[in-house]
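Taking it in order: structure first as structure tokens, then the write-up.
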Amino acid sequence: MTSLTWSGPVADRARLLRMLQEYGVYAALVVLFLVAVGLDTSFVEMSNIRVQLFQVAPTLLVALGMALVIGTEGIDLSVGAVIALAASVVPLYAGYGLGGVIAAALLLGAASGAIGGAMVAFARIQPIVATLSLMIGVRGLAEIINGNSAKPVTQSGILDLGSRNIASLPEMAWIAAACALLTGLLVRRTTFGRHLVAVGDNRQASRLSGLPVRRVLMTVYMISGVLAALAGVLIVGHGAEADPANQGLNMELDAITAVVVGGTPLSGGRVRVLGTVAGALFMQLITAVLTQHNVHTSYTQIVEAAIICFAVYASQERGTR
Amino acid sequence: TNSGNDSSKSDAAPSSNNTAAAQQLATPTDSAAGPGCTYRTYGGGVPKLDITDGKTVVGFSQSESTSNPFRATETKSIEAQAKQLGVKLIERNANADVNAQNSQIEDMIAQGAKVLIVAPENSDGLGPALAQAKAKKIPVLTIDRTVTGTACSDFIAFIGSDFYGQAQIAADDLAGATGGSAHVAILTGTPGNNVTTDRTKGFEDRVKAKYPNVKIVASQTGNFAQTDGQKVMEQLLQAHSDINAVYAENDEMALGAIQAIKSAGKTPGKDVKIVTIDGISQMVQNVAAGQAVADIETNPRFGPLAFQSLQAFYGTTGVQPKVIIKDGHFTSSNAKQALSQGLVY
Amino acid sequence: MVQQDPEPAGDPVLEVAGVNKSFAGVHALRDVHFALRPAEVHALIGENGAGKSTLIKVMTGVYRPDAGTVRLAGRARDFRNPLEAQAAGISTIYQEVNLVPLMSVARNLHLGREPRRFGLVDVARMNRQATEVLGRYGVHVDVTRPLRSLGLGAQQMVALARAVQVDARVVIMDEPTSSLEPREVETLFSVIRSLKEQGIAVVYVSHRLDELYAICDRVTVMRDGAVVHTGPIAELQRLRLVSLMLGREMATVREKGTTAFDADRHNRQEGRPALRATGLTVRHRLHGVSLDVHPGEVVGLGGLLGAGRSETAKAIVGALATEEGEVEVEGRPLHRRSPAAAIRAGVVMLPEDRKIEGIIPNLSVRENISLAALPRLSRAGLVSQAKQDEVVRFFMDRLRIKASGPDQKVSDLSGGNQQKVLLARWLCLNPKVLLLDEPTRGIDVGAKAEVQALIDELAGEGLGVLLISSDLEELIEGSDRVVILKDGSVVGHLAGEDVTEEGLLDALATAPEDPAEEPAAGTVGDSSAEPGPAQQAAGATDPAGPQGPAPVKENQR
Amino acid sequence: MTSTAVTTAGAATGTARATLGERIAPQIQRRGALAVLVLVVVIASATSSTFPTWSNISSILGNNAFVWVLALGMTFVIITGGIDLSVGSMYALGGVLGAYGATHGTWLAILLPLAVGAAWGTVQGLLVAKARMAPFIVTLVGLLGLRGLLQAVTDEGATTYLVPRHSHFRSLGAGTWTPVLIVAALFALGALLLTRTRFGATLTAMGGNENAAVLLGLPVARAKVLVYLLSGTLAAAAGALGGARLGSGVTTIGVGYELTAIASVVIGGTLLTGGSGSVSGTVSGVLLLAVIHNLIDHYFSQYGSAFTDTVNGGFLAVVVLMQTLLSRTQQLE
Ligand SMILES: Nc1ncnc2c1ncn2[C@@H]1O[C@H](COP(=O)(O)OP(=O)(O)OP(=O)(O)O)[C@@H](O)[C@H]1O
Ligand SMILES: Nc1ncnc2c1ncn2[C@@H]1O[C@H](COP(=O)(O)OP(=O)(O)OP(=O)(O)O)[C@@H](O)[C@H]1O
Ligand SMILES: [Mg+2]
Ligand SMILES: [Mg+2]
């Protein structure tokens, strides 16, 4: 159609808005970084970058899984608990070396995800409630497994995982990056990715189009569980201690925040992986700046809240009217 | 934001043995003169009971999750002592929710508890439960955290540590180790928690009063958790390369700090001096290994003393309003032998 | 090129001047002028995507025009939302039923103007009124049931009843008949006439030309967002109208009867049927429905609204759980009953409700078309872009899907084009059996003809087709055989020469009433028991109440 | 002639399908929680001697009643298809403000929290309705921000405001009956608001199909703002009353209450996707959870909190499962 006539200025505004939605997060990230450096030039030092990457890696991993779940119009509150669960088994399997530990942890993560997925896909329980029950139950389980004291972890393989650097960047960060890449491919290139988005957008139509709705849902929650478990292992490795009572607390909120700040709509039907990465980094930088300048917890929380609010507003879709 | 599930005290090995060691540690230091509180004087007199007759139900309300070893040790100590004396004990755990604790205490009363041992989640906020206990003439013994109210009327007495005092000792240790001049980072506990408040205030007051050259460069919350402690410390070390001392309000955060210091390429105990509170074995070992300067114990073994006090309450001697447990104080000098003698939980 | 008719008699009640509206990329309305006189029924027609619905939404404050004015009774108005438009006396039935599925029928009918007593909603009276009002539109249902339990047709009647209940100066109907069958269309027309008698102006959008000639006074033709003709409809014969819509010369628009099916039947391949369903039973919906479709034939499924035609289709593909019943494809029974399984076996269904069961709104046209075919378009789970684009391009040309490109959001397409996208989704699976539930609903003549021709062609190629349509002509001319449903059971078959409108209606009229009717009699009885009080009550509180229904009642009797 | 035939046919169609199953399905959907509740209570009373005693029941009612108000507000929000995660933090803030206000007189103690709750609720409402932001985010921001505010007004939780011993404010939360009656009244009003007013109808409609609600000319935007205002105000009020009961503003209170509220609402048969739900259902929901907690405490406490948590999670899953299965209708999807 010759829609070039007349529609000039309007189109421009629309394009501008779309630009903001698409690239707002990245812009915000850059700005924030510059501000941080402006406040304290030592922020650019490699050591500091490393610290930030160490801290963001687990959150990012969880956020990736969360993004997929949210893409199916769901939500996974159990990730924090799954982290605890993974942590609780690390000391038990430390004997079998890193491989054994990871295998055990990821298996449990998958299992927990499978339960949540089953509740959502087959019993059609609302995701938020289904995963809420897991969130409570699984953490309890983790604490039972672990007994009532945090356990120091000395197994070198696990410790390395949490502390070693590759090309002067944390191994944890590389792992997270790799997972991000895979998730991106999964969403963009594979049939599964398409199915996932379709299911999130219009479940009934997807079903009538013969998509394996239930399998898709199950898989998504299991992936989320596995990634959370992996994050759990990394956290333990970095902290050299398994503390199921506290590790992963509020992780679900951090992850969700990262995802939505990254521009993935909670209404499902769309997954922005790179955005999620940016979102996670963004939140990490905020915390870093506020902590490093010794801002009171109260103000930290208020400022963070305000910034989340603004970031999401900037990056969200706006209906034509 | 989640100040609920924090462990308000340290985490450590679940050894809650009511050993001789424990017993001897748990002796009242404050033997103030004056008549103690007995069942005659309590709230205008309450019925006399023999708590060891195996019929009288004693209720124990624990404030926080026992997946936190201080709580675990405390609970086990009470249970063990009750078993030993043949006391019929029922218990509840409020998981850090004041509402829940109120309802659980009343719930135990409904279940027939005649005497209550309460570990308050919060100093203020047990009003409803205490009121009902009072109305039903059921005496309440509070342990490990105070409640606002008058002793021998709202509650029998308070048994526990002096958090403010602990913090002052910590300040002294830190000043000592740094020759009176230091740049200190404080890792505070969960905001809004009485323990946090006391331990922060005690430290700051003492420094203000006695150590002009000890400079507090940063004070951030680590929510009493190892992971958070580590994260915060990592950030602070990036921002303030001059930090040479850390005061952690519990051992978990101290453990986190040690990790952070290591990964920042510094040596804990040498470049950065650490003082911490609670005295769990894992941390005391660090003290012994010279990674930390000192660890002030918070004694969780309330069992013996609690029941001893109750018996005194139903006897003639009575109970003093404030019974301060004797807390250990571990430094490089005594840590090793304390560990070897099993005085550490 | 816009030819104006002689000066309008009497100044227009609703007038639109120089309106422009564009959406990201699409220029939906260009300098549109439109005048509506009091007491006229004004047809608004055009191809899919011509801009009819957009124009309506501009007139009713859903969209704001980028330029131009809307005047109501001579006063320039700038409605900020539909509420204001309604208040000003413009009442609208939007394309695609727009009601609240989960709420009760009565609630839907009264939303926003419930009868109140002491400031509280008077539920009893609301239900009484609802039953009473709907009765006049031939929808006899328990009004306390959620709306979604009604078929689309019934829902559309509810929307209609609701719209004419307000005392409006103007009533706008965007494809009100898209899923009505003849009898309801009649009811609708009588309603429109009574509105006319009250001097209310009606804007009437439809793709069914004969309806236009039956009810409309004047017509405005749109193409690509612009008005290309306005004038009395009588002066304009069908062919001209079509050529105006399609923007092609009269000559090129071949007259091919009312539908594009060619007269002679297909050569049905005897022997093993492509699809055989036996004794399908769904509680309260279907009672032992059996039918078979042979390769190369089009089997029509006839019946009134709520006869359970959609249910039958859904039951066949396993979208609806059946208590009993077998489905065989080319003799092989389907064991696992699910849409996925059916599709694998080569049986696909074009659902009736495009919005809820069809499109994936936020996905692009490309992704919507390739959705079901993805497994075939991908290797080792990786989608092959090349193959996909090829298929998509092919079908977009083949079905003349009008979109700014394969990447346009499907929800931004016009209704008709969305339907084409769905057809494409199924055709690229080259299935054995095609179940079409209202395939030409809301599709313009051009596209409709294409689709019908397509159905013919597919049947010709040996595909088995089951055709559900409320458009009798289409059903009669399209199908080789017709299976007639009533209250969820088969009540007759028409074949060969008997496949005629009369045949169908007779079969329906003379069909044995099934026991399911007993309770019905009850509800009908007590629901229409006291029309008197209901009427008074209505008069008492709701000023809107009487005007709408009253006249309708008259010409129902 | 034929016409009559057809209409009767239509009639047949209609009501034939309206029989039994589909008739009661929505009923059961509403009453599902109630059914489970009755079941649990019966079993509990049969097996335990202390459960049915008044002192036990009053301990359940008195201490939890105010928290249930969060679920009431949540019901409205969820019916519109939204969600309000900020109620837990608002509950805590309300308590602190109430206690603080009480030191300056009962009226302030009541008005201050209400004002703040209403104000913040409005802000959230505007962000959702006008800025078209996802409720989940907006209220998540509330959850974080309000905690921050709470820390700020109590200088990092160091200061605790006590309700003066003899302030009338205390009597609002004292005993069992006052709270129960206040809360019962609130729920009754809520039910009325939802089922018997146009506002209520608007809420349900926009939850069921917002687009349609707009096209039908309902005041959707306003209703949205109002519903968050309502939820915020109720949460603050509940917090204040809770503070009155405890006699102080406890800063650490209310963590995770939003999730419990959501759970009880959903268990009560309200669709998280909006468009359908009932206050009565929520009542059953909150009671059910409270009773279950009471029982779990009663029977499992001695095994330690980790174990009780696990059981709690398991029970929640089971209850939700039962509820969902009960409310399953013929409908596809
Ligand atoms: N919300 C929207 N965003 C973007 N484009 C839109 C939107 N709504 C309509 N359009 C475009 O505007 C044009 C006109 O659409 P409209 O719905 O008015 O067509 P129509 O005449 O109603 O067609 P139909 O007869 O199929 O309903 C179409 O090309 C459509 O793609
Ligand atoms: N006029 C009506 N009166 C009562 N109920 C109706 C009516 N129309 C539809 N229904 C309801 O719709 C459901 C079946 O509608 P459905 O659309 O499946 O039948 P259909 O024969 O496919 O009609 P349609 O022409 O809408 O496709 C039944 O549950 C019935 O309750
Ligand atoms: Mg249209
Ligand atoms: Mg149908």
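Please treat every number below as a calculation from the coordinates, not as lab data. What you see is a predicted model, and the numbers here were worked out from it, not measured in a lab. Here the Cβ is made from the backbone with ideal geometry for all residues, glycine too, and neighbour counts use every protein chain on show.
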Please figure out what share of the DSSP beta bridges in the protein assembly as shown is antiparallel and state it in percent, rounded to the nearest 5.
40 percent
Have a look at A:VAL271, A:VAL289, A:VAL261 and tell me which one the Gaussian network model of chain A (Cα, springs below 10 Å) gives the largest fluctuation.
A:VAL289
Taking Cα pairs under 8 Å and at least six residues apart, what relative contact order does segment C:16-236 come out at, in percent?
31 percent
Efficiency by 1/(1 + (r/R0)^6): what FRET value for C:ALA234 and A:ALA314, r their Cβ-Cβ distance, R0 = 56 Å, to the nearest 0.05?
0.50
If chain C were replaced by its equivalent ellipsoid, with semi-axes equal to the square roots of 5 times the Cα gyration tensor eigenvalues, what would those be, largest first, whole Å?
37, 31, 22
Given a 10 angstrom Cα cut-off, can you work out which residue in B:SER263, B:SER103, B:SER65 is the most mobile in a GNM of chain B?
B:SER263
I'd like the Karplus ³J(HN,Hα) series for segment A:34-43: coefficients 6.51, -1.76, 1.60, θ = phi - 60°, whole numbers in Hz, and an x wherever there's a Gly or Pro.
4, 4, 3, 5, x, 6, 7, 4, 5, 5
Treating the Cα atoms of the protein assembly as shown as identical point scatterers in vacuum, please give the log10 of the normalised Debye intensity I(q)/I(0) at q = 0.04, 0.05, 0.06, 0.07 Å⁻¹, two decimals.
-0.30, -0.46, -0.65, -0.85
Between the DSSP loop rule and a limit of at most 15 other Cβ atoms within 10 Å, which GluC sites (Glu not before Pro) in segment A:225-321 are left?
A:GLU317
Magnitude of the charge dipole, chain A, Cβ model with Lys/Arg +1 and Asp/Glu -1, debye to 20:
1200 debye
When only Cα pairs under 8 Å and 6 or more residues apart are kept, what is the percent relative contact order across chain D?
33 percent
Burial ordering of D:LEU230, C:LEU434, fewest other beta-carbon atoms within 10 Å first
D:LEU230, C:LEU434
Structure shown: which of A:LYS151/B:LYS215; C:LYS21/C:LYS196; B:LYS210/B:LYS231; B:LYS208/B:LYS273; B:LYS231/B:LYS336 lie over 27 Å apart, alpha-carbon to alpha-carbon?
A:LYS151/B:LYS215; C:LYS21/C:LYS196; B:LYS210/B:LYS231; B:LYS231/B:LYS336
What is the dipole size for chain B, taken about its Cα centre, with +1 at each Lys and Arg Cβ and -1 at each Asp and Glu Cβ, in debye to the nearest 20?
620 debye
Defining a contact as two alpha carbons under 8 Å apart and six or more residues distant in sequence, what relative contact order in percent does chain A show?
33 percent
Treating only the Cβ atoms of Lys and Arg (+1) and Asp and Glu (-1) as charged, compute the dipole magnitude of the protein assembly as shown about its Cα centre; round to the nearest 20 debye.
1860 debye
Residue by residue through A:255-261, how many Cβ atoms from other chains fall within 10 Å of the Cβ on average?
2
Taking only Cα atoms of chain B, what ratio of Rg to Rh do you get with Rh as the Kirkwood inverse-distance radius?
1.00
Neighbour-limited loop hits for chymotrypsin sites (Phe, Trp or Tyr not before Pro), segment A:118-224 (at most 11 other Cβ within 10 Å; DSSP other than H, G, I, E, B)
A:PHE122
Output field shielding_mean for D:259-265 (other chain Cβ, 10 Å radius) holds 3
Phi-derived 3J(HN,Hα) across segment D:288-303 with the Karplus relation (6.51, -1.76, 1.60, θ = phi - 60°), rounded Hz, x for Gly and Pro, is 4, 4, 4, 4, 4, 4, 3, 5, 4, 3, 4, 8, 10, 3, 5, 8
If I model a spin label as a point 7 Å beyond the Cα along the Cα-Cβ vector, how far apart are those points for D:ALA152 and D:LEU111 in nm?
2.3 nm
Could you give P(r) for segment C:354-429, binned at 10 Å from zero, as whole percent values over all Cα-Cα pairs?
21, 57, 20, 1
For chain B, whose charge dipole is built from +1 on Lys and Arg Cβ atoms and -1 on Asp and Glu Cβ atoms, the candidate among B:GLN104, B:PHE330, B:PHE60 with its Cα farthest towards the positive end is B:PHE60
In degrees, nearest 10, the alpha-carbon axis of helix B:251-263 is tilted away from the dominant principal axis of the alpha carbons of chain B by 20 degrees
If Lys and Arg each add +1 and Asp and Glu each add -1, what is the summed charge of the other residues whose beta carbon sits under 11 Å from the beta carbon of B:ALA306?
-1
Normalised per residue, the volume inside the convex hull of the alpha-carbon atoms of segment A:43-315 in Å³ amounts to 129 Å³
Three principal axis lengths of segment B:245-295 [C-alpha, angstrom, descending]:
26, 18, 16
Enter the mean number of other protein chain beta carbons within 10 Å of the beta carbon of each residue in C:356-368, as an integer.
5
Which one of D:VAL279, D:VAL67, D:VAL116 has the biggest mean-square fluctuation once chain D is modelled by GNM with Cα springs under 10 Å?
D:VAL116
Of the convex hull drawn through the C-alpha atoms of chain D, the volume per residue in Å³ is 162 Å³
Per 0.36 nm of contour for each residue apart, how much would the distance between D:VAL42 and D:HIS166 grow if the chain were fully extended, relative to their Cα-Cα spacing?
40.5 nm
Out of the chymotrypsin sites (Phe, Trp or Tyr not before Pro) in segment C:94-139, which ones are loop residues according to DSSP with at most 14 other C-beta atoms within 10 Å?
C:PHE118
Angle between the Cα long axis of helix D:54-79 and the longest principal axis of chain D, 0 to 90 degrees, nearest 10?
60 degrees
Using alpha-carbon coordinates, inclination of helix D:87-102 to the longest axis of chain D, degrees
40 degrees
So, over other residues within a Cβ distance under 12 Å of B:LYS137, counting Lys, Arg +1 and Asp, Glu -1, the net charge is +4
Show me D:43-56, C:352-365 ranked by packing, highest mean number of other Cβ atoms within 10 Å first.
C:352-365, D:43-56
Please report the projected area of segment C:16-236's Cα convex hull averaged over all directions, in nm².
12.6 nm²
